[in-house]
Amino acid sequence: WGNDWGPATPRAIAELVEAINLRTRIRAQVDPHLDLGSQKIFRAPFIYLSVGAAFSPTKTELANLKEYLRRGGFALVENANPWMEYSPAEASLRQMLKDALGVYGRFRIIPKDHPIYHSFYDFDDGPPAAVRPAARTPEELGTFNVADFQPDAPYLEGIFIDGRLAVVYSNKAYGTAWENEYRNEPQLRMGINMVVFALLQEGSMARQQMHEIMNMNQLR
């Protein structure tokens, strides 16, 4: 959550966590209202920002995000409205990351051989594609069609800090797929890969926390 926005896909992360807890040995929990400007984010090794409209982050949020990412945190940042070419949501998200990270805020294509595509499930051909939203009412049945979609880029983008993948930027609306009850298996698997990778990669906040716990136990 932010001062100027809320999650565009509010059920997405809960659905992803349910899949993680069922399929892996990770026991994940969801903070249902985690504010980007709060110190609580430093206890969360993985955060998910899903935005569907333009917004303006505060200076506190920008500073907190910068510190979080520099200290080993991992953020999946997602444009929840990828069906509009370079939407206001996408513009705001990209600008937020550039403003927060300065010279580090450079977007790079994550290559298909990156470990994030093999951390739990294997995606030899790169990330799964976006899925269109399911119509929820009769009035919405004609809202989306194939012609509404922009070409789906066959990659994810990332921001690297000192060689560590700190941000995954997604224009694939995975959160929309996670909220669906069917036809979302590839997208769920990709989400699990992101979480596993975020926890295990060298320099991650999760690994730092584990080292701290082990050191405390040794001192007792």
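The values are calculated or read from the model by the stated rules, or taken from the named source; none is laboratory data. Keep in mind the model is a prediction, meaning the values are calculated, not measured. Every residue, glycine among them, receives a Cβ derived from its backbone with ideal geometry; neighbour counts consider all protein chains shown. These area figures cover heavy atoms from the full protein model, side chains too; ligands, DNA and RNA do not enter into them. Shrake-Rupley method; radii C 1.70, N 1.55, O 1.52, S 1.80 Å.
Some values worked out for this structure:
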{"item": "The chain: C-alpha pair distances exceeding 22 Å, %", "result": "50"}
{"item": "Radius 12 Å from Cβ of Asn79, net charge of other residues (Lys, Arg +1; Asp, Glu -1)", "result": "-2"}
{"item": "GluC sites (Glu not before Pro) restricted to DSSP loop in segment 32-122 with at most 12 other C-beta within 10 Å", "result": "Glu85"}
{"item": "Sorted largest first, extent of segment 14-116 alpha carbons per principal axis (Å)", "result": "36, 32, 27"}
{"item": "Square roots of 5 times each gyration tensor eigenvalue, C-alpha, segment 1-70, largest first, Å", "result": "23, 15, 8"}
{"item": "Accessible surface ranking that places the most exposed of Met190, Met210 first, with a 1.4 angstrom probe", "result": "Met210, Met190"}
{"item": "Spherically averaged projected area in nm², based on the convex hull that wraps the Cα atoms of segment 153-215", "result": "5.5"}
{"item": "Volume of the Cα convex hull of segment 83-131, divided per residue and given in Å³", "result": "117"}
{"item": "Residue-wise HN-Hα coupling along segment 77-94, computed from phi with Karplus coefficients 6.51, -1.76, 1.60 (Hz; x: Gly, Pro)", "result": "10, 10, 7, 7, 10, x, 7, 10, 4, 6, 5, x, 5, 4, 4, 5, 5, 5"}
